[in-house]
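S.K.: Sharing a structure with you now.
The values are calculated or read from the model by the stated rules, or taken from the named source; none is laboratory data. Keep in mind that this is a model prediction, so the values were computed, not measured. Methodologically, a virtual Cβ is constructed for each residue, glycine included, from the backbone with ideal geometry; neighbour enumeration extends over all protein chains shown. Just the protein is used for accessible areas: all its heavy atoms, side chains included, with ligands, DNA and RNA removed. Shrake-Rupley method; radii C 1.70, N 1.55, O 1.52, S 1.80 Å.
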Amino acid sequence: MRISVIGCGYLGAVHAVSMAKLGHDVIGIDVDEYKIAELQDGRAPFFEPGLEDLLEEVLETGRLRFTTSMAEAHGSKVHFVCVGTPQLKGEYAANLSYVDAAFSELLPFLSAGDVAVGKSTVPVGTAERLSALITAACPTATLAWNPEFLREGHAVKDTLTPDRFVYGVPAGPAGLSAQNSLDEVYAVPLSSGTPRLVVDYATSELVKSAANSFLATKISFINAMAEVCDASGADVTALADAIGLDDRIGRKFLHAGVGFGGGCLPKDIRSFMARAGELGADQALTFLKEVDSINMRRRTKVVELTRELCSGALLGKNVTVLGAAFKPSSDDVRDSPALSVAAQLQLQGATVTVTDPEAIENARRRFPELNYETNTTKAIAGADVILLVTEWPEYVDLDPVKTAELVADLKILDGRNALSPTAWRQAGWTYRGMGRP
Ligand code: UDX
């Protein structure tokens, strides 16, 4: 099937490559000339394990091309819109200008029977509004909403073999035809039994908001337990192990630490609250405000614990921050807890050196005032305190004995509860975790 993918950022680039891998003839479209040139040359414009290899593989087949010209969407049967919906400056609501622009620029190139498919995370009600625009421009074209649940670091696998497909389609023959087109697109994963749920527009939009809210709530729940553990001398990791064995609860997303960040969870729970407010259902989501507050308190807690480790004064202390990305296997620093902590420490007088295997360039652009060092050993040398805030394997696997030879003082704060307190203490370190005695 001929498919266009509009917006070649994280979601769109992975989607375009994955659709070509599934055997479709794909045109990737973006307004960013640099991004398009990189992708066309076989280079992923961001770090995502497995993406670049797959990109090269599908480019060689000739089934994938990239362009900045929307006119090339003409002739595709299915058009996926994968542009971003960042948080509006100074507001909780999502910025829909990229979604609106993508759809309105696509309208002139739609043909009879085409399906325009929204994949971006949008406030409930957006699809209904866009559907009216599409039908006005091309009465036989249909809008479907097909939210994406990919995790950075696992994006290719999550796209090719997702847990489920959700199709939001209108009632009647147009909806059925859109459903059939999407079934054709996803024929390979569907044939291996991936569940597929067909719902109305509003439900499909809410599925994404609800899923991200649930994940954020789970993380903030365990971080709230970490606060209680700190107050009572209990161990939140043992607590998570114990409650996680109840399969109604599950151990996943119960890792207490510095909290969640990234380009999705923080802004998605906020835009969900904003939208609920517009709908008069704000009371239903007041708990998300608490989820957000618990999460933000984690960053402050890491700064306070660092100050404690520095005997009460950060001024002039050398602090090494292990990790800049919002999570491992990513170079994404959007709302990264690691950088938020690093910047606060620097503002309070510490000399902060940040290291990360992939995210340094992005981090430097965002916070040019911090010191950056690509080499872990050099980054650690002379540190008065080390903070592990992004649990990259190379940091989790650091040898406490060898690391002790590099630093000025043997103090480590494990902001992800990823290290063995026993091993580090045995090597002479003052070890502090998050919600661990
Ligand atoms: C998330 C959703 O998981 C995904 O389904 C959606 O499509 C986009 O948003 P992503 O932002 O890639 O994906 O990251 P995710 O793996 O969910 O982690 C989000 C944040 O939570 C990270 O900062 C991570 O470090 C943190 N986290 C995760 C915890 O602090 N504790 C946990 O137990 C799990």
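S.K.: Considering only residues of the range 156-174 that are assigned to a helix (DSSP H, G or I), more than 8 Å from the ligand (Cβ to nearest atom) and open to solvent by less than 50 Å² (accessible area, probe 1.4 Å), which is nearest to Val99 (Cα to Cα)?
M.R.: Narrowing the range 156-174 to residues assigned to a helix (DSSP H, G or I): 156-160, 173-174.
Adding the requirement that they be more than 8 Å from the ligand (Cβ to nearest atom) leaves 156-157, 159-160, 173-174.
In the following step, the residues that additionally are open to solvent by less than 50 Å² (accessible area, probe 1.4 Å) were identified as 156, 159-160, 174.
Numbers: Val156: 23, Thr159: 21, Leu160: 24, Ala174: 22 Å.
Filtering the range 156-174 for residues that are assigned to a helix (DSSP H, G or I), more than 8 Å from the ligand (Cβ to nearest atom) and open to solvent by less than 50 Å² (accessible area, probe 1.4 Å), the one nearest to Val99 (Cα to Cα) comes out as Thr159.
S.K.: For the structure I just gave you, tell me whether Ala101 is at pLDDT 95 or above and either outside any loop (DSSP other than H, G, I, E, B) or touching a helix residue (DSSP H, G or I) at 6+ places or on another chain (Cβ under 8 Å) (or both). Walk me through it before giving the result.
M.R.: Numbers: at pLDDT 95 or above: yes; either outside any loop (DSSP other than H, G, I, E, B) or touching a helix residue (DSSP H, G or I) at 6+ places or on another chain (Cβ under 8 Å) (or both): yes.
Against the criterion (at pLDDT 95 or above and either outside any loop (DSSP other than H, G, I, E, B) or touching a helix residue (DSSP H, G or I) at 6+ places or on another chain (Cβ under 8 Å) (or both)), Ala101 qualifies.
Let's see how each residue does on (1) acidic (Asp, Glu); (2) within 24 Å of Cys264 (Cα to Cα); (3) not assigned by TED's automatic domain parsing to the domain that holds Ala141:
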{"position": "Ser18", "(1), (2), (3)": "no, yes, no"}
{"position": "Gly23", "(1), (2), (3)": "no, no, no"}
{"position": "Asp30", "(1), (2), (3)": "yes, yes, no"}
{"position": "Gly75", "(1), (2), (3)": "no, no, no"}
{"position": "Leu88", "(1), (2), (3)": "no, yes, no"}
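S.K.: Let me ask you something else. Of everything in the range 131-155 that's in a helix (DSSP H, G or I) and touching a strand residue (DSSP E or B) at 6+ places or on another chain (Cβ under 6 Å), which residue is surrounded by the fewest Cβ atoms within 10 Å (Cβ to Cβ)? Can you show your working first?
M.R.: If we filter the range 131-155 for residues that are in a helix (DSSP H, G or I), which is where we start, we get 131-137, 155.
Now drop any that are not touching a strand residue (DSSP E or B) at 6+ places or on another chain (Cβ under 6 Å), which leaves 131, 134.
Values: Ser131: 23, Ile134: 19.
If we take residues in the range 131-155 being in a helix (DSSP H, G or I) and touching a strand residue (DSSP E or B) at 6+ places or on another chain (Cβ under 6 Å), then Ile134 is surrounded by the fewest Cβ atoms within 10 Å (Cβ to Cβ).
S.K.: Please report, ordered by residue number, the strands (runs of 3 or more DSSP E) entirely within the range 373-437 with at least 1 residues that are among the aliphatic types (A, V, I, L, M).
M.R.: On the way: elements: 385-388, 411-414, 430-432.
Correct list: 385-388, 411-414.
S.K.: If a residue must be within 11 Å of the ligand (Cβ to nearest atom) and open to solvent by 40 Å² or more (accessible area, probe 1.4 Å), how many such residues does the range 219-232 contain? Lay out the reasoning, then the answer.
M.R.: Step one: filter the range 219-232 for residues within 11 Å of the ligand (Cβ to nearest atom), giving 219-223, 226.
Keeping just the survivors that are open to solvent by 40 Å² or more (accessible area, probe 1.4 Å) gives 221.
Residues flagged as within 11 Å of the ligand (Cβ to nearest atom) and open to solvent by 40 Å² or more (accessible area, probe 1.4 Å) within the range 219-232 amount to 1.
S.K.: Further question: Of (1) in contact with an Asp or Glu (Cβ under 9 Å, 6 or more places away or on another chain); (2) more than 15 Å from the ligand (Cβ to nearest atom), Ser330 satisfies all except one. Which?
M.R.: If we test Ser330 against (1) in contact with an Asp or Glu (Cβ under 9 Å, 6 or more places away or on another chain); (2) more than 15 Å from the ligand (Cβ to nearest atom), just (2) comes out false.
S.K.: Just give me the residues in the range 16-35 being part of a helix (DSSP H, G or I) and in contact with a helix residue (DSSP H, G or I) (Cβ under 6 Å, 6 or more places away or on another chain), in sequence order. Spell out how you get there, then give the answer.
M.R.: In the first step, residues of the range 16-35 are kept if they are part of a helix (DSSP H, G or I); the result is 16-21, 33-35.
Selection gives Val17, Ser18, Ala20, Lys21.
S.K.: To continue, here is another question. Which condition breaks for Thr203 when tested against (1) closer than 22 Å to Leu160 by Cα; (2) outside any loop (DSSP other than H, G, I, E, B); (3) polar (S, T, N, Q); (4) away from the ligand (no atom under 15 Å from the Cβ)?
M.R.: All conditions pass for Thr203, except number (1).
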